[in-house]
1. Within region A:49-63, how many residues are more than 7 Å from every other protein chain (Cβ to nearest Cβ) and either modelled with pLDDT of 95 or more or crowded, with 24+ Cβ neighbours inside 10 Å (or both)?
2. Tell me whether region A:197-213 contains one or more residues that are free of Cβ contacts under 8 Å to residues at least 60 places away in the same chain and not in a helix (DSSP H, G or I).
3. Of all residues in region A:27-45, how many are in contact with a strand residue (DSSP E or B) (Cβ under 7 Å, 6 or more places away or on another chain) and touching a residue at least 60 places away in the same chain (Cβ under 8 Å)?
4. Identify the single condition in (1) open to solvent by less than 20 Å² (accessible area, probe 1.4 Å); (2) more than 25 Å from A:Pro293 (Cα to Cα); (3) within 14 Å of another protein chain (Cβ to nearest Cβ) that A:Val119 does not satisfy, given that it satisfies every other one.
5. Any idea which residue in region A:28-48 is nearest to B:Ala149 (Cα to Cα), counting only those that are facing chain B (nearest Cβ under 8 Å) and open to solvent by 10 Å² or more (accessible area, probe 1.4 Å)?
6. Among the residues of region B:270-297, count how many are touching a residue at least 12 places away in the same chain (Cβ under 8 Å), of a type in the set (Val, Ile, Thr), within 20 Å of B:Arg314 (Cβ to Cβ) and not in a helix (DSSP H, G or I).
7. Inspect region A:81-98 for any residue being crowded, with 23+ Cβ neighbours inside 10 Å, farther than 30 Å from B:Leu284 by Cβ and touching a His at 6+ places or on another chain (Cβ under 8 Å) and give the result as yes or no.
Protein chains: 2
Amino acid sequence: MDATYDAWAGPTVGELGELVVLDRIVRRLPAGAPLLGPGDDCAVVAAPDGRFVVTTDMMVHGPDFRWAWSAPEDVGWKAAATNLSDVAAMGAVPTGLVIALAAPQDTPVAVLEAFADGVRLAVDALAPGCGVIGGDLSTSSAFTVSVTAFGDLEGRAPVVRSGARPGDVLAVSGELGPAARGLTRLFREGVDAGGEPSRDAVVASGADTDPDVGRQRRPVPPIADGPRAASAGATAMLDLSDGLAIDAGRLARASGVTLALDEASDSGHVIDEVALHGGEDHGLLAAFPPGVPLPGGFRRIGVVLDRGDADLVRGGVPVPTTGWDPYADWDGAAG
Amino acid sequence: MDATYDAWAGPTVGELGELVVLDRIVRRLPAGAPLLGPGDDCAVVAAPDGRFVVTTDMMVHGPDFRWAWSAPEDVGWKAAATNLSDVAAMGAVPTGLVIALAAPQDTPVAVLEAFADGVRLAVDALAPGCGVIGGDLSTSSAFTVSVTAFGDLEGRAPVVRSGARPGDVLAVSGELGPAARGLTRLFREGVDAGGEPSRDAVVASGADTDPDVGRQRRPVPPIADGPRAASAGATAMLDLSDGLAIDAGRLARASGVTLALDEASDSGHVIDEVALHGGEDHGLLAAFPPGVPLPGGFRRIGVVLDRGDADLVRGGVPVPTTGWDPYADWDGAAG
C-alpha cells in the first residue's frame, strides 16, 4: 500500500477495539429517520406502503476494488450508490441501508472513518433523507463490505424486468461509459512495471484527476429517475451494472422480447462500444409504452420488438449480451 | 483442510461460474413467500404492520468459524439462526432473509450447497414460513457470509433494551451454556499437537458427537418466544449472543437499572459460571412486569432493581459484564 492516502495512517482497528471503532464510524454515517435506530437487536423502519423492496450487494477487496485505485471514501460512496441504484430500479424511494463491514485488524481506523464519510456523501447527494439504520462490524483478512438497502414503493407496483412489451420505447437515464473508460485507463496507466495496481502510477499518469476515473470511483446513478419512471408507467426497468448489452439481454430474456437499438441517426443518442459493453455507471434502462413523455433524464435509445433470435440487435445485427463472471474471471489479485 | 467432510470435493465455484453456482444454491434455499422473489434488482416483502425490523450479521472464516470444527451445513444453520434470534428479540416474527456470500474460487460448489441446506434446515426448524428472498454471490480470499433478516411486529411495540423498570422480573428462554461448553471442548480436544483446529482431532476425541458441540455448531434459539414475550408485555428484551453477564450488562445500562440474579434457592434455575459467561446459545433475556405469567419457555432468574453501582449483582456481589471484542481478541488464525 502506497502511503499517499492520508487515511492509511494512525491507530488500527485492532488497537482501538470494536466499541471505540464503532463509535467513531457511526457518528459519521447519515442517520436517516428510522423509527428505531442502531443500539438494539434490530432497527425498526417505516413501510408506509405495507411492502418494502430490498437488495443486497457485497464488495470485496481484490475482485471488487483496489486500494491503489480507490480511496476509502470512494469505496464507501460506491457501496452506497450501487445499492441505492437497485432500489431505484424497482421504482422505489430508498428508505434505509444496513452495512456489515469486516476489516483486517491492521486497518487504520481512519480508513473506516473515510469509508463512512463516503457513504454519507453518496447518500446526501443521491438519496437525501435516507440513512444507515444498522450494521455489523467484524474482522477478516479481506476488507469486505456488505450493504443491504430498502425502499418504499409509495403505492406503485414494482417495476420488474419482465414487463416490456413489443412497441414499447427503450430508454436510458444516467451516464453510459465513463466508469468503464475510467477503469480501462486505470488498468492501462494505473499499474507499475510489473502490471500491479499502483497509487503512484495513478498519480504520475494524471489518471487520478480524470473525470472518467472519478466516475469509476464514484458513480452517480440517477436515483430519483427510478420512481419517476414508475410513475410515468414504465413497463420494465433495471439497473445498468454490467453494461448496456448484458443488462439489456437480461431485460429481453425476462420479458420474452427482442430489443432493437436505434441507429445513431434516429434519436441522436450515440451508443458507442464503451456505452454498450462498459458497466458500473449504474444508469437505468427502462421500457415505456409508446407515446409516453420520457420522465427526468430518460432518453430514447431504441424500441421493443417481438421476440426474435437475439436479445439485442442494432441495424438488424445481433449484439452479444454476455460478460463478466466474478468466479470465472477474477485472477485472485488484490492491490 | 481434512478431507473428512464429503462437501469438500467436486467441482469448484471457479470452475462452474456464478450462474451455475447460483442455480445450484437457490434451489436448496427456503423460498418463503415474498411478494416478489429473486431475479430482479430487489425483492419485495410484505410489511403488513406498516413497519419492519431489520438486523444484519457477518460471519467470516477464521474469527467466526473454523472449517475443522463446523461443517458447511453448520455454518449455514448458524448464520440463519443468529439473525432470526435478533428478530425474535424485538418481539417480531421473521419474514425474510437476504444472504450475501463470498467464497474463495477453489471452494467446491458442494460446500455452498451444504451451506444452503443448513440455512434451509434452520429456517424450517426455527421460523417455518420464513425464507431467503434475495442475495448476492461474490468471491473473496476469506469465506464470508452476511445475513440480513427482517421481521413483522404484528402491531406490537418493538421490545427494546431500555424499557426494564425496577420491580420487573428478569427471565430467560432457551438454553444457557451448551454452546460455550461445546466451544471449550473444541478448543481443548479439537486441535492437533501444534494447537491448530483439526477435524481429525474432533473425531478422534469423541467431541464430534458431543451434544454441546452440536449446540455450538447449531444453536437452537427460541424464536417463537420473542413474539410471545412481546404479547405478554415484556418491558425489555435482547438476544443472548455474548453470554448472560455481558448481555445483562447491556440491558441494565440501556434501562438505567441494576439486575439482581436470584440465588439458586430462589427459583431453582441454577445460573452456573458457564451460563453466566458463555455465549452463542442465542436465548432471550427479558424483563416482565411483576405478576405477569411468564410465557413459553421463559423462567425467572432474577429481578430488576433501582440503578446501583453495578450492572449485575448476585447475592449483593457485582458480576463482571465485559468480554469478547473481535478486533482485540482474534489471533488471526483460520483453520
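1. Qualifying residue count, region A:49-63: 2.
2. Checking region A:197-213: at least one residue is free of Cβ contacts under 8 Å to residues at least 60 places away in the same chain and not in a helix (DSSP H, G or I).
3. Taking region A:27-45 first, the residues in contact with a strand residue (DSSP E or B) (Cβ under 7 Å, 6 or more places away or on another chain) are A:29-30, A:32, A:34-38, A:41-45.
Applying the additional criterion that residues be touching a residue at least 60 places away in the same chain (Cβ under 8 Å) yields A:29-30, A:32, A:34, A:37-38, A:42-43, A:45.
Residues that pass the stated criteria total 9.
4. (3)
5. Our first condition is that a residue be facing chain B (nearest Cβ under 8 Å); within region A:28-48, this holds for A:35-36, A:39-48.
Remaining after also requiring open to solvent by 10 Å² or more (accessible area, probe 1.4 Å): A:35-36, A:39-41, A:46, A:48.
Details: A:Leu35: 17, A:Leu36: 16, A:Gly39: 16, A:Asp40: 14, A:Asp41: 11, A:Ala46: 16, A:Pro48: 19 Å.
Result: A:Asp41.
6. Pass one, region B:270-297, residues touching a residue at least 12 places away in the same chain (Cβ under 8 Å): B:271-272, B:274-290, B:292-297.
From what's left, of a type in the set (Val, Ile, Thr): B:271, B:274, B:292.
If we keep only those that are within 20 Å of B:Arg314 (Cβ to Cβ) as well, we get B:271, B:274.
With not in a helix (DSSP H, G or I) added as a condition, the list becomes B:271.
Of the residues in that region, 1 qualify.
7. yes
Here's the yes/no breakdown for (1) open to solvent by 10 Å² or more (accessible area, probe 1.4 Å); (2) under 14 Å from the mean Cα position of the chain (by Cα); (3) under 10 Å from B:Leu312 (Cβ atoms); (4) hydrophobic (A, V, I, L, M, F, W, C):
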| residue | (1), (2), (3), (4) |
| --- | --- |
| B:Ala229 | no, no, no, yes |
| B:Ala232 | yes, no, no, yes |
| B:Leu240 | no, yes, no, yes |
| B:Ala248 | no, no, yes, yes |
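The values are calculated or read from the model by the stated rules, or taken from the named source; none is laboratory data. Quick caveat: nothing in here was measured; it's all calculated off a predicted structure. With ideal geometry, Cβ positions are generated from the backbone for all residues, glycine too; neighbour counts draw on all protein chains shown. Surface areas here come from the heavy atoms of the whole protein model, side chains and all, with no ligands, DNA or RNA. Shrake-Rupley method; radii C 1.70, N 1.55, O 1.52, S 1.80 Å.
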